[in-house]
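J.: Structure in structure tokens, see below.
The values are calculated or read from the model by the stated rules, or taken from the named source; none is laboratory data. Keep in mind the model is a prediction, meaning the values are calculated, not measured. Don't worry about glycine lacking a Cβ; one is built from the backbone with ideal geometry, like all the others, and counts go over all protein chains shown.
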């Protein structure tokens, strides 16, 4: 086992310089003392323990204290320093919940676990806990005299959100595939990925926590939940077995010294940027709040009817007297949800987002709650046809149209209109981005595992993808996602095709394979950067084998290489810290 690089007490007390990161200070103070309590075969190596400390510190965002208030094993001077810093902070400290076994999450008397209020406690519990709440709650308590069962992890008790998590319930994916999916969805890698018994969990840690309050009926929490659901839905389109139904901010697999499959602590996310991404994702995918999933139990699903889709996308509903207003429209939508077997919470989420898109939205969230409560009171069977027709006649100027409404006019006053994109199936032409997306999806399905490209004539490709030949040629020439190279001339010409995402994924996988040694643990991912770059350069510029899609005669070769290398560069944002390097060299 590696020798500890420097005495903890000397490091921490020399000149009382506490400028080092909190993760390093805690690591130095507690590493020796933790190991003193364990048998030799249970001792941690420095790198694994430092990595664990860094992950914990990155996630909790100082939402809990650095040291225990009682029974701390930290040096007194350091404890006093951090106590003073925490006392001066405007942000109050909260609690996190942990359990030592997955089965303890579903005990007869509730969740069996304990409450932690310090990073010191999390470090001393390394490799002992299996699940935790990475997001911080205001308070926690025990429900029994023996202090075995915990409560307080309700969403409305959340104090701060530190991270979003995606749960992938399969082992049939690898790190390269997950990184590629993340680059495609969020243009960043996850902050880290954990192995679980059933698959993986991807953590997307915020660069700063977002604090939750009860202002506007927990509007901040509702926004965060919408982001969480959109992230999970987006990843479900890229990866198999993504659990879209798991609690957004509940218990997740806890990191330990052995289960970190990927780590890039430089890749953190800004909450505002995720909000913007979520809005765009909702607009592009027509997801009003929660995705409404058909249930077999519902013999008639009103939410799948054309009139429901028209009403839920209206933006010009007013609250004037003498006409059907916002409450009437929301009540009709809520009744449709009720009659279709949707839960009350699904109806609330849908109406909350519908309200947020209105030009004149309801300011009081309690009004929405009243509408849903009334619709679910069992006094009504479903939406009224006369109300539906009246709403469409009042607000949808093209209600007689069978398909989507291209224009919506406000009622009285100056003429104001919004143009809405028609549904693709009723348009004569598709947009460039749609053809590009179709071709990218086609290639990802056709290119089998381990292969880099697909070989076809452009005529065959146009027939199989149902993209007009002229449009296909335009996509191949202008796309920043599709890579193509023509070999041969005339009727014998073949086109080699792949995507930026596939090349990037192959490069990452190649680099990881080069690093993987059976006797070694997973080491610093960043060290594989050079290997990934060399792989890309070989595929782009080499002329010695058939898989070289771009020879120097290809005018798009340099640009294509640049695009791939830019993606690789985003994946490898991180660089090893000096402290970690010191630990490695000892």
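J.: Which members of the stretch 62-71 meet the condition of being assigned to a loop (DSSP other than H, G, I, E, B) and in contact with a strand residue (DSSP E or B) (Cβ under 8 Å, 6 or more places away or on another chain)?
T.: Result: 63, 64, 66, 67, 68, 69.
J.: Something else: Taking the residues in the stretch 376-390 that are farther than 18 Å from residue 304 by Cβ and in contact with a helix residue (DSSP H, G or I) (Cβ under 6 Å, 6 or more places away or on another chain) as candidates, determine which candidate is modelled with the highest pLDDT.
T.: That would be 376.
J.: I'd like to know if the stretch 219-228 contains one or more residues that are buried (at least 19 other Cβ atoms within 10 Å of the Cβ), under 26 Å from residue 510 (Cβ atoms), within 16 Å of the chain's Cα centre (by Cα) and in contact (Cβ under 8 Å) with a residue 12 or more places away in the chain.
T.: no
J.: Quick check on my filter: what residues within the stretch 192-214 are in a loop (DSSP other than H, G, I, E, B), surrounded by fewer than 23 Cβ atoms within 10 Å (Cβ to Cβ) and in contact (Cβ under 8 Å) with a residue 12 or more places away in the chain?
T.: Initially, the stretch 192-214 is screened for residues in a loop (DSSP other than H, G, I, E, B), giving 196-199, 212-214.
Subset that is surrounded by fewer than 23 Cβ atoms within 10 Å (Cβ to Cβ): 196-199, 213-214.
Once the filter is applied, which keeps residues that are in a loop (DSSP other than H, G, I, E, B), surrounded by fewer than 23 Cβ atoms within 10 Å (Cβ to Cβ) and in contact (Cβ under 8 Å) with a residue 12 or more places away in the chain, the stretch 192-214 yields 196, 197, 198, 199, 214.
J.: Out of all the residues in the stretch 106-124, which are in contact with a strand residue (DSSP E or B) (Cβ under 8 Å, 6 or more places away or on another chain), within 14 Å of residue 254 (Cα to Cα) and modelled with pLDDT under 90?
T.: Answer for the stretch 106-124, where residues must be in contact with a strand residue (DSSP E or B) (Cβ under 8 Å, 6 or more places away or on another chain), within 14 Å of residue 254 (Cα to Cα) and modelled with pLDDT under 90: just 119.
J.: Of everything in the stretch 144-165, what is outside any strand (DSSP E or B) and over 29 Å from residue 215 (Cβ atoms)? Give them in sequence order. I'd like the intermediate steps shown before the answer.
T.: From the stretch 144-165, those outside any strand (DSSP E or B) are 144-148, 152-157; that's our starting set.
Matches in the stretch 144-165: 144, 145, 146, 147, 148.
J.: Out of 283, 298, I need the residue that is at pLDDT below 60 and either in a loop (DSSP other than H, G, I, E, B) or more than 30 Å from residue 53 (Cα to Cα) (or both). Which one? Give the derivation first.
T.: Details: 283 fails: at pLDDT below 60.
After applying the criteria, what remains is 298.
J.: Sticking with this one: Return the residues of the stretch 462-491 that are in contact with a strand residue (DSSP E or B) (Cβ under 7 Å, 6 or more places away or on another chain) and not in a loop (DSSP other than H, G, I, E, B); say none if nothing qualifies.
T.: Passing the criteria: 475, 476, 482, 483, 484, 485, 486, 487.
J.: Continuing with the same structure: Take residue 57 and tell me if it is within 30 Å of residue 245 (Cα to Cα) and either exposed (fewer than 14 other Cβ atoms within 10 Å of the Cβ) or touching a helix residue (DSSP H, G or I) at 6+ places or on another chain (Cβ under 6 Å) (or both).
T.: Details: within 30 Å of residue 245 (Cα to Cα): yes; either exposed (fewer than 14 other Cβ atoms within 10 Å of the Cβ) or touching a helix residue (DSSP H, G or I) at 6+ places or on another chain (Cβ under 6 Å) (or both): yes.
Criteria met by residue 57.
J.: Also: What's the total number of residues in the stretch 101-134 that are in a loop (DSSP other than H, G, I, E, B), in contact (Cβ under 8 Å) with a residue 60 or more places away in the chain and in contact with a helix residue (DSSP H, G or I) (Cβ under 9 Å, 6 or more places away or on another chain)? Explain how you work it out, then say what you get.
T.: From the stretch 101-134, those in a loop (DSSP other than H, G, I, E, B) are 101, 108-109, 113, 117, 125-130, 133-134; that's our starting set.
Still in the running and in contact (Cβ under 8 Å) with a residue 60 or more places away in the chain: 126-127, 129-130, 133-134.
Restricting the remaining residues to those that are in contact with a helix residue (DSSP H, G or I) (Cβ under 9 Å, 6 or more places away or on another chain) gives 126-127, 129-130, 134.
Selection size over the stretch 101-134: 5.
J.: Residue 239 passes all but one of (1) surrounded by fewer than 19 Cβ atoms within 10 Å (Cβ to Cβ); (2) not in a helix (DSSP H, G or I); which number fails?
T.: Result: residue 239 passes all but (1).
J.: Condition first: touching a helix residue (DSSP H, G or I) at 6+ places or on another chain (Cβ under 9 Å), in a loop (DSSP other than H, G, I, E, B) and under 18 Å from residue 251 (Cα atoms). Can you find one or more residues in the stretch 81-93 that meet it?
T.: no
J.: Within the stretch 492-507, can you find the residues that are assigned to a helix (DSSP H, G or I) and touching a helix residue (DSSP H, G or I) at 6+ places or on another chain (Cβ under 8 Å)?
T.: Of everything in the stretch 492-507, those that are assigned to a helix (DSSP H, G or I) and touching a helix residue (DSSP H, G or I) at 6+ places or on another chain (Cβ under 8 Å) turn out to be 500, 501, 502, 503, 504, 505, 506, 507.
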